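The structure appears below as structure tokens.
Where a number appears in this text, it was derived from the coordinates with a stated rule and is not lab data. In this text, all values refer to a predicted model and were calculated from it rather than measured experimentally. Cβ coordinates were reconstructed from backbone atoms using ideal geometry, including for glycine residues, and neighbour counts include every protein chain displayed.
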Amino acid sequence: MRIVVALGLAVLLAACASVPAGNYEGVQADASGGGQQYVRVTLKPDGFAAVSSAFTGRPSRFLAEGTWVEEGRRVRLELEKQSLVFERRGDQLVAREWDRSVWGEAGPGVLQRVF
């Protein structure tokens, strides 16, 4: 009985520790003073990653592709010309490291997993 319980607990902990592949989205105020910035991160099970961003009221959009890896509670994205690091909090990715020349001081923000 103890072995079954221990095995079940180990499987449950492993499932909780893993970052689920999928789409994560967030919206935050545009640091330049007008509108909002929409950010979407796509993580595929094969390690592919894509990040897109758009601002309300602006015709330009940002899209970068690359790879992602899980490092404990952190998710590192290696994109074409930049890296992003997020911390996983349940169904959220919280930006921790980013290129401030691309994202500004606020960064990509907090992203919520969407189903």
For Phe55, Phe115, what ranking results if the residue with the fewest other Cβ atoms within 10 Å of its Cβ goes first?
Phe115, Phe55
What net charge do the residues around Glu70 carry, taking every other residue with its C-beta under 12 Å from that of Glu70, with Lys and Arg at +1 and Asp and Glu at -1?
+2
Can you work out the Karplus-derived ³J(HN,Hα) for every residue in the stretch 79-87? Use 6.51 cos²θ - 1.76 cosθ + 1.60 with θ = phi - 60°, whole Hz, and x for glycine or proline.
9, 3, 10, 7, 10, 10, 10, 10, 9
The percentage of Cα-Cα pairs in the stretch 19-114 separated by more than 15 Å is 57 percent
